[in-house]
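Working notes, structure below.
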Amino acid sequence: MYSLKNDFLTVTVAGRGAELQSILGADGTEYLWQGNPVYWADRALNIFPYVARLTGGTYSMDGRQYAMSIHGFAAGSEFAPCLDTGTELVLELSDTPETYGQYPRHFRFRIRYVLEGRTLQITYRVENRDERTMYFGLGGHPGFCVPLENGLRFEDYRLRFDRPCRPQRVEFTPDCFRTGGCTAYPLQDGQVLPLRHELFDDDAIVLQEMAHQVTLEAENGSHSVTVSYPDMPYLGIWHRPRTDAPYVCLEPWCSLPSKAGIHTVFEEQEDLLRLEPGKTYENTWEITIR
């Protein structure tokens, strides 16, 4: 277990999956969901090399078929430390025979955490160490406690985007695959989504064409969480369907899951990232606590 600390926050990170375990305020407030398996056992998955589900749990690349579980293999892999200063932590995952059997590319995937004031900066860095183009998905999956303080309820909270926008909701089938369509998802005053458990009865709300900063807050609350994702085109909003789960996940994604009933070919999925041999890709997003 690794720790980053300053006057405002103490952040804990596990080696497995390079997954956040805690974002603790100086006043003792825990902002990160703590992983109750009754609702959701994880806390803040790092997603690589595919976001969410593959049709049939398989895909094709280079003309061959491979199996991969939901959200890829990074979350279940042990990351090695590269740098640990107390306010900056870099963990890395390189390909192994096991990963190569699921994803036939040589790569290095680094996750960098930097604590500056009340902001935790997260940078994903992918290096293509193969002789062939990499095709991959990438994203975050942090859960945040709701409510964040005593005396408030889940329904007292809202998600507020930093500017007016007109999001499109990516349509999914009941078994969580894309239909290929989108529908308008209006927000109050173009910016606000009030929280209620019933929002998630049909599973995740996945938005595109939305603003790239969103704040979890209560009108009468003193604590909030802001997630900024300037280079992520999709945002997943989720808690376990048909429950009273006391958390919400705010998930910035670079790509989308498979289409319903269609076997995914990585070279053909347009929203997957493409990285040429010897090249490096970086994407930074942030969590800010108040």
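The values are calculated or read from the model by the stated rules, or taken from the named source; none is laboratory data. No experiment lies behind these values; they were computed from the predicted model shown. Cβ coordinates were reconstructed from backbone atoms using ideal geometry, including for glycine residues, and neighbour counts include every protein chain displayed. Just so you know, the surface numbers come from the protein's heavy atoms only, side chains and all, with ligands and any DNA or RNA stripped out. Shrake-Rupley method; radii C 1.70, N 1.55, O 1.52, S 1.80 Å.
The numbered conditions (1) at pLDDT below 95; (2) surrounded by 13 or more Cβ atoms within 10 Å (Cβ to Cβ) are all true for F48 except (1). Report, by residue number, each residue of segment 68-88 that is closer than 14 Å to T264 by Cα and open to solvent by 60 Å² or more (accessible area, probe 1.4 Å). Hits for segment 68-88 are S69, I70.
Of the residues R43, R105, the single one that is touching a residue at least 60 places away in the same chain (Cβ under 8 Å) and of a type in the set (K, R) is R43.
Listed by position, the strands (runs of 3 or more DSSP E) enclosed by segment 193-256 that each have at least 2 residues that are touching a residue at least 60 places away in the same chain (Cβ under 8 Å) are 213-218, 225-228, 234-238, 247-253.
Is at least one residue of segment 92-113 open to solvent by less than 20 Å² (accessible area, probe 1.4 Å), under 22 Å from T288 (Cβ atoms) and hydroxyl-bearing (S, T, Y)? Yes: one or more hits.
Looking across segment 215-248, the residues that are of a type in the set (A, V, I, L, M) and closer than 13 Å to Y31 by Cβ come down to L216, V225, V227, V248. With respect to I237, determine if the residue is out of contact with any Pro (no Cβ under 8 Å at 6 or more places or on another chain) and surrounded by fewer than 16 Cβ atoms within 10 Å (Cβ to Cβ). No. Here P174 does not qualify as of a type outside the set (G, A, S) and either buried (at least 16 other Cβ atoms within 10 Å of the Cβ) or at positive phi (or both).
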